Amino acid sequence: MSDIKEQKKETIWNSKFILITIINFLLSMGQFMMNTLVPKFADSLGATPVIVGVVSGMFAVTALGIRPIAGPAMDYFKKNRMLMLSVTLIVIAFIGYGFSKTVPLIIVSRLVHGMGIGVAIPLSMAMASNALPASKMASGMSIFSLGNAVATAVGPSIGLSLTEHFGYNTTFFVVAGLLGLCLLLTLQLKSNAPAKKSPFRIQLDRVIVPEVLIPAILTFFIALAYSSITYFIVIYGGLRGVDDIGLYFTVYAVCLLVSRPISGRIADKYGIDKTIIPGILLFAVSFVLISFSETLTMFLIAGAVSAFGYGICIPMIMTLCMQLSPQNKRGAASNTNFIGMDSGYLIGPVIAGFVITGVENATGSEAAGYAMMYRVMIISILTALVIFLLTKKKLLVRLNPDDAE
């Protein structure tokens, strides 16, 4: 009888986990549609590559700015109410996009968007991890992140298709409606206040959890590189004369649907390092392929390789964050990890824009600027690999102290 009860406890499928996974999917849909559309929207308004990069990464300014408040708040206030408020801000941001006619107005909406995302994404990850049994953490987080995979598949393509038929502004209003549904779902979540509550204070150890600094640094370097795909791949494909570049995201996501459940089971059984290292290496290879891509087929191959790279290592690094943190600090731990991600998304597009402009000025070819930018970004990915290899033993000992002997 006790065995049956234990088996029930060990399943990842419970109502709270399922609901927060659906909410995360809807948030991801809005995010991936916007990541693809904002650069093109700014470009259509006459913005230079550098300005496109600034606009694209601008949401990370307020996402980072909200972190000192969000980290302590996640482990103090009721998480469901915080999620509801943050999703409300995201809806307001999309309504702002819908009314935007100039680059400055887009930037204002990006700043509001960043404030909402800065709370909603790490908070949903913390809530999902708290709904999972410890022995199924990697598998559960891989399933949780499948929402991102599906959103990656359909989000950019749907967004691009809607803009072709209705224009940018109407599309933004449609996405605002989608996220309104997400807001309604947050009302169904139940969350108790933490059992042990200390006075709410904004202090360093409640904003940044030292135990997860290394994973957060890994996330920073990988996100810095990935931002160049998120924000520039559609423009780059157009310069190469590639139609239907949105299919890049579809292939990427289909491969994620295959790879993530498998990688989660491998990590649970053999160790998280068995997925992170090959994931980072494959991600670096995908940038080489993108930089030399001139046809749709080449871009799609690069997308598949990227899915088995970024799509595997990032969920595993997030899992590592949750495993290294005490449960009562998982909100702050998730927040710490996303400080790394937001910083990468803030700095990455700006670096990319400067590289593109510099090479274009030197060669007279904008496409050559984009190609070189993707090769330069490989440095960031390899930096993450070196850091993980140097710290792997220390991290694994902390995960499994009984095996340290």
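Brief remarks on what is shown
- Carbon + sulfur, % of accessible area of the chain - ligands and nucleic acids excluded, 1.4 Å: 67 percent
- If you bin all the Cα-Cα distances of the stretch 249-405 at 5 Å, starting from zero, the percentages per bin are 2, 9, 14, 18, 20, 15, 10, 6, 4, 2, 1, 0.
- Helix 79-99 axis versus longest C-alpha principal axis of the chain: approximately 10°, rounded to the nearest ten.
- Proportion of all alpha-carbon pairs of the chain beyond 33 Å (%): 27 percent
- Per residue, the chain exposes 40 Å² of accessible surface when a 1.4 Å probe is rolled over the protein heavy atoms with every protein chain present.
- Prolate/oblate/rounded label for the stretch 318-405 (Cα gyration tensor, a/c 1.5): oblate
- Within the chain: Cβ-based charge dipole about Cα centre, in debye rounded to nearest 20 (Lys, Arg +1; Asp, Glu -1): 1340 debye
- Relative contact order of the chain: 25 percent, from C-alpha pairs under 8 Å at least 6 residues apart in sequence.
- Selection from 290, 350, 385, by position along the positive dipole direction of the chain (Cβ): 385
- Distance cut-off 23 Å, percentage of C-alpha pairs in the stretch 89-186 lying past it: 36 percent
- Across the options 189, 219, 91, the greatest Cα extent toward the positive end of the charge dipole of the chain (unit charges at beta carbon of Lys, Arg, Asp, Glu) belongs to 189.
- Angstrom value of the Kirkwood radius, inverse mean 1/r, which spans all Cα pairs in the stretch 214-303: 14.3 Å
- Largest mean-square fluctuation among 68, 349, 326, in a Gaussian network model of the chain whose springs join Cα atoms under 10 Å apart, belongs to 326.
- The stretch 111-143-the stretch 335-405 distance, computed between alpha-carbon centres (Å): 22 Å
The values are calculated or read from the model by the stated rules, or taken from the named source; none is laboratory data. Just so we're clear, the structure is a prediction, and the values are computed from it rather than from any experiment. Neighbour counts are summed over all protein chains in view; Cβ atoms, including those assigned to glycine, are modelled from backbone coordinates with ideal geometry. These accessible areas exclude ligands, DNA and RNA; they are computed on the full protein's heavy atoms, side chains included. Shrake-Rupley method; radii C 1.70, N 1.55, O 1.52, S 1.80 Å.
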